Amino acid sequence: MSLTKLKIMGIVLALGAVATLSAQAADKARIRGVVESLSGDTLMVKSREGKDVTIRLKPGWAVNGIVNASVTDIKPGDFVGIASVPTDTGINGALEVLIFPAAMKGTGEGDYGWDLKPKSSMTNATVASAVTSVNGPTLSLTYKGGEKKISIPPGTPVVTLGNATKDDIKPGAGVIINGTTNGDNTIESDRVLVGINGVIPPM
């Protein structure tokens, strides 16, 4: 198996964990924040809630990058992950959009609750069509067992996956980490998703 395929499999597993974490047991954790330091396999993060979090990285841990994309990059047939909230129009409004690489189509497919904001949900689905207006495009999404329309207001963060190394995990870099809590108030994880060139992972 090629190195590229192995990397893709690793990202699939990481984002599959992102997609299903809310349905798991209470010992699972999702940390969003910025890097304070990385020393060996110990990562210190300031969470979005302002807490100092210690992450113990498992042997062989990996890193993947989150890079900026554009709403104009989204086209019918693409597989996307969109966090959104209800609006007065009856159509959910996007909080962020992740465009998956083609090799990851189907990752975490479905529509379920999400913890980005109150009442937010995550929809991982295929773009069936897009209608553009002055308020941004509205996407028609299809997934196994359902469909949903989501509007993308101007300024909504749109990202995709890119290459990264451990050198990108530096103070101030934005990260999102899924792991398991321990009794000593630390979290164990085997993968770090890090923003590249100042990107804050918006998921």
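Per-structure values
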read-out: For the chain, alpha-carbon Rg and Dmax in angstrom; value: 16.8, 51
read-out: Mean Cβ count within 10 Å, highest first, over the residues of peptides 49-57, 34-42; value: 49-57, 34-42
read-out: Whole-percent carbon and sulfur share, accessible surface of the stretch 71-203, 1.4 Å; value: 51
read-out: Net charge contributed by nearby residues that have their C-beta within less than 12 Å of Ala130 (K/R +1, D/E -1); value: 0
read-out: GNM top mover of Ala130, Ala103, Ala62 - the chain, alpha-carbon springs below 10 Å; value: Ala103
read-out: In degrees, nearest ten, helix 3-20 long axis to first principal axis of the chain (Cα); value: 80
read-out: Qualifying trypsin sites (Lys or Arg not before Pro) in the stretch 105-164, DSSP loop, other Cβ atoms within 10 Å at most 16; value: Lys105, Lys119, Lys144
read-out: Relative contact order [Cα under 8 Å, 6+ residues apart], the stretch 130-203, whole percent; value: 21
read-out: Projected label distance in nm at Ser37 and Asp52, using a 7 Å step from Cα toward the beta-carbon; value: 0.9
read-out: Neighbourhood charge, 12 Å Cβ-Cβ cut-off, centred on Lys46 and excluding it, Lys, Arg +1 and Asp, Glu -1; value: 0
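The values are calculated or read from the model by the stated rules, or taken from the named source; none is laboratory data. Quantities reported herein were computed from a predicted structural model and do not represent experimental measurements. With ideal geometry, Cβ positions are generated from the backbone for all residues, glycine too; neighbour counts draw on all protein chains shown. SASA here: full protein model, heavy atoms, side chains in, ligands and nucleic acids out. Shrake-Rupley method; radii C 1.70, N 1.55, O 1.52, S 1.80 Å.
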